[in-house]
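Working notes, beginning with the structure itself.
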Amino acid sequence: MGDETEHRYLQILTEPIRVCALYRPKMGLGAAGLNLAAFQALYRADPFYAWYGLDHPLMYAAHKAAGGMTSIYRQVGIGAERLFRQLLQDYLGLSIVQSEWSYDVTSISGSSRTLHLDARIELTDVIDDIKRHRVHEWMIAAADDLGVAPQIRDSFKGVVFEVRQGYKSKDSKRQNADIANAGTAYAQAFLPCLVVLSAQIDSDLLIRYRAGGWTILTGTVADASLLRSTYAFTRDVLGFDLEQFFVRNSATLRAEVESVLQALLSAN
């Protein structure tokens, strides 16, 4: 991989993070966000908050940091999703359209909306025979690992992916939506795969999602299994050593995050 490609991948990851430095707490006003002066004016106009001294600059910094931390995790996830999709395009020869997946759902009232998963590999879109064979072999092994019936497994035409930086949320609405996505994937002859870049995933979620038909890759580097490790999958199936990419560029990523944290933890 050349320096230009390495830089392009880094940009995919760092551009979303930089947005976090601009975060300002909205304080329930639904506006673009308040700066320190506006926050203090709002709180000083409220006698109860003013009596407690909640208009203090450190209180504003705490609000900014709390929302900003959530934003950092979200933006790291967005970068990971974009990079994973880019890897499918670069290393499997997929187009932008071929690497995306969506489907329409219609409510009882008759209204329709489009739902998206983060990435897709359809076997017929992979022109290179060797790469297509690698993906197919992995897909069959992953389906067998889940206990998918052979007649269903053999009908799969590809894999759809949901990409997360980590997954510790107990949000039942999100879980139910993911299980529903898996059902639609099976109905359209795709194996659903959850790709987690970190090792942070709740053990209860692992159990529930696997029971719901998801094959799950996590960010473990100790487990070299293609059916368990995101980094083994990207290296041995896609042909890109994502783990070593992060090792090489860790100093740059750490500097970006530190810069954002400095901005978020300051009242100004």
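The values are calculated or read from the model by the stated rules, or taken from the named source; none is laboratory data. Computed from a predicted model, the values in this text were never measured in an experiment. Cβ coordinates were reconstructed from backbone atoms using ideal geometry, including for glycine residues, and neighbour counts include every protein chain displayed.
Residues that are touching a Leu at 6+ places or on another chain (Cβ under 7 Å), of a type in the set (Ser, Thr, Tyr) and surrounded by fewer than 17 Cβ atoms within 10 Å (Cβ to Cβ) within the range 227-255 comprise just one, Thr252.
Take the residues of the range 117-127 that are surrounded by 13 or more Cβ atoms within 10 Å (Cβ to Cβ) and in contact with a helix residue (DSSP H, G or I) (Cβ under 9 Å, 6 or more places away or on another chain): which is farthest from Gln188 (Cα to Cα)?
If we filter the range 117-127 for residues that are surrounded by 13 or more Cβ atoms within 10 Å (Cβ to Cβ), which is where we start, we get 117-123, 125-126.
Filter again for in contact with a helix residue (DSSP H, G or I) (Cβ under 9 Å, 6 or more places away or on another chain), leaving 117-121, 123, 125-126.
Details: Leu117: 13, Asp118: 16, Ala119: 15, Arg120: 12, Ile121: 13, Leu123: 14, Asp125: 16, Val126: 18 Å.
Only one residue tops the list, namely Val126.
A single entry from Gly93, Gly67, Gly53, Gly79 fulfils the requirement of being among the small types (Gly, Ala, Ser) and surrounded by 19 or more Cβ atoms within 10 Å (Cβ to Cβ): Gly79. Applying a threshold of 7 Å to beta carbon distances and a minimum spacing of six or more residues, or different chains, the list of pairs starting in the range 30-45 at a residue that is of a type outside the set (Phe, Trp, Tyr) and ending at one that is outside any loop (DSSP other than H, G, I, E, B) reads Leu34/Leu42; Leu36/Pro57; Leu36/Tyr60; Arg44/Ala50.
Among the helices (runs of 4 or more DSSP H) confined wholly to the range 131-225, which include 2 or more residues that are in contact with a helix residue (DSSP H, G or I) (Cβ under 8 Å, 6 or more places away or on another chain) and under 29 Å from Leu13 (Cβ atoms)? Working first, answer last.
Numbers: elements: 150-153, 172-187, 203-211.
The qualifying helices (runs of 4 or more DSSP H) are 172-187, 203-211.
Screening Lys170 with (1) surrounded by 13 or more Cβ atoms within 10 Å (Cβ to Cβ); (2) over 30 Å from Glu6 (Cα atoms); (3) out of contact with any strand residue (DSSP E or B) (no Cβ under 8 Å at 6 or more places or on another chain); (4) in contact (Cβ under 8 Å) with a residue 12 or more places away in the chain gives one miss only, at (1).
Of note, Ala224 does not satisfy the criterion of being aliphatic (A, V, I, L, M), exposed (fewer than 14 other Cβ atoms within 10 Å of the Cβ), modelled with pLDDT under 95 and touching a strand residue (DSSP E or B) at 6+ places or on another chain (Cβ under 9 Å).
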